[in-house]
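The values are calculated or read from the model by the stated rules, or taken from the named source; none is laboratory data. A quick note: this is a predicted structure, and the numbers were derived from the prediction, not measured. Every residue, glycine among them, receives a Cβ derived from its backbone with ideal geometry; neighbour counts consider all protein chains shown. Side chains are part of the model used for accessible areas, which takes the heavy atoms of the whole protein and leaves out ligands, DNA and RNA. Shrake-Rupley method; radii C 1.70, N 1.55, O 1.52, S 1.80 Å.
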Amino acid sequence: MAAHHEKKNSEERNHKSTQNDTGMSQVQWGRAWEVDWFSLASILFLLMFAPLIVYYFIMSCDQYQCSLTDPLIDLLMGKEHLSDIWNRTPPLTYKAAGIYTLWVAFQVVLYAFLPDICHKFIPGYVGGVQEGAVTPAGVVNKYEINGLQAWLITHMLWFANTFYFHWFSPTIIFDNWIPLLWCANILGYAVSTFAMIKGYFFPTNAKDCKFTGNFFYDYMMGIEFNPRVGKWFDFKLFFNGRPGIVAWTLINLSYAAKQQELYGQVTNSMILVNVLQGIYVLDFFWNEAWYLKTIDICHDHFGWYLGWGDCVWLPYLYTLQGLYLVYHPVQLGTANALGILVLGLIGYYIFRETNHQKDLFRRTDGNCKIWGKKPEYIECSYMSVDGTKYYSKLMTSGFWGWARHFNYTGDLMGSLAYCLTCGFEHLLPYFYIVYMTILLTHRCLRDEHRCSSKYGKDWKCYTSAVPYRLLPGLL
């Protein structure tokens, strides 16, 4: 569900290692070393058009009641000029800049200066200092896992303000949505540019940097693997998990408050969006330690793709259903509402149970039971860039015996449920399921290309044992 910050399938690692013979080749993983023409064209397209796509979607709601076609028709028919649309767009304001600065600063304080205490009194929750996966250069970073704590503190203050203190209106996010967009863009570009400069001149770990020689690719996909300031402030973990995902549920609450203000009620469709997306966000923070073993942390370098994407793309396009329902309130029939709720919950169950099976398998090194049986697996080996040989076990039973990325299948079911809450009058709220289908399909291919390079013939054995990617018997 979260793009840049959504939970993703990763290979399970066994921390036993043996030194590799010097003559043995090293397998590379993570970001590319060389750039082909198709990758460069894709990068240039995203750098040029992704910010325009976000602006177009938000503008279409603000000026055209969420119609994606009316702005184009007006422009083609000569009824509007681009300057007309731009002149009607709310500008950056001091108020929005102050709100956004306080928001990011508050999340920095919660992330960097408040050690987690939730793991001490919440049974089953894993927080505090945790180790990440081994990097391509053989480094194992430590992280302070306190996202659930940050989310709880933030939302307790939000509800305290809404029902008691009344320092600001709960519609404050919606009321300043476009001015806040300019603030988010400024931060996204600033942190991406800083990360690139840092990668060139003062990287945290030079051995985990990659340079292609192509400025645009390096800026987009990142140079440093784990850029950090000080011992604990990790750019990837902070921007993947905060401030965008913490804000996700606040944004939806602000939309619900605006619906109440405008229409005197909150529709059941808005409640469904808040509940289903809230479950996903809480799941993310409950399993933040597990997130350290996913593609975002294990393989992606930190560049514009993650920096700008987490600041702008995630909070603005992942919340389109709630935004749409402010302009077009939908009261679903009981049967439809229950059907959507069931679809979303089943999708979540598949998503969570699939990841739980993998996590249990990894934590116990295969000494566990999946569906009442000892799990089956294929043992693989790979090399880090320092010549160390590592071993992984790839599970071929449970949900992972049904398809190689069955967690994505559950993810897509949940994504579809979000969109269905909005009815069928407009295309805009369905952007999410289209985007997630493209994103997760691409992630399947990218992950499998990397695994094929990393594991070689062992990967072929694995794909023979589990032949389907997403849907057993079909795909």
(request) Determine the pairs where a residue that is open to solvent by 10 Å² or more (accessible area, probe 1.4 Å), located within the range 133-157, has a partner that is basic (K, R) and in a strand (DSSP E or B) with Cβ atoms under 9 Å apart, the partner being 6 or more residues away or on another chain. (result) N141/R228
(message) Can you find, within the range 407-461, the residue that is surrounded by the fewest Cβ atoms within 10 Å (Cβ to Cβ) among those that are of a type outside the set (G, A, S) and not in a helix (DSSP H, G or I)?
(response) F424
(request) List the number of the failed condition for A190; all other conditions in (1) under 28 Å from I99 (Cα atoms); (2) surrounded by fewer than 20 Cβ atoms within 10 Å (Cβ to Cβ); (3) among the small types (G, A, S); (4) touching a helix residue (DSSP H, G or I) at 6+ places or on another chain (Cβ under 8 Å) hold. (result) (4)
(request) Residue by residue through the range 200-219, note down the ones that are in a helix (DSSP H, G or I), over 18 Å from L46 (Cα atoms) and within 23 Å of the chain's Cα centre (by Cα). (result) D208
(request) Within the range 250-276, count every residue that is of a type in the set (V, I, T) and open to solvent by 10 Å² or more (accessible area, probe 1.4 Å). (result) 3
(request) For the range 309-322, name all the residues that are under 18 Å from V246 (Cβ atoms) and either open to solvent by 10 Å² or more (accessible area, probe 1.4 Å) or assigned to a helix (DSSP H, G or I) (or both). (result) G309, D310, C311, V312, W313, L314, P315, Y316, L317, G322
(message) Test of understanding: among G278, G213, G309, G241, which residue is small (G, A, S), in the same structural domain as F194 (by the TED database) and touching an Asp or Glu at 6+ places or on another chain (Cβ under 8 Å)?
(response) G241
(message) So, L181, is that one open to solvent by less than 10 Å² (accessible area, probe 1.4 Å) and either more than 30 Å from L52 (Cβ to Cβ) or in a helix (DSSP H, G or I) (or both) or not?
(response) yes
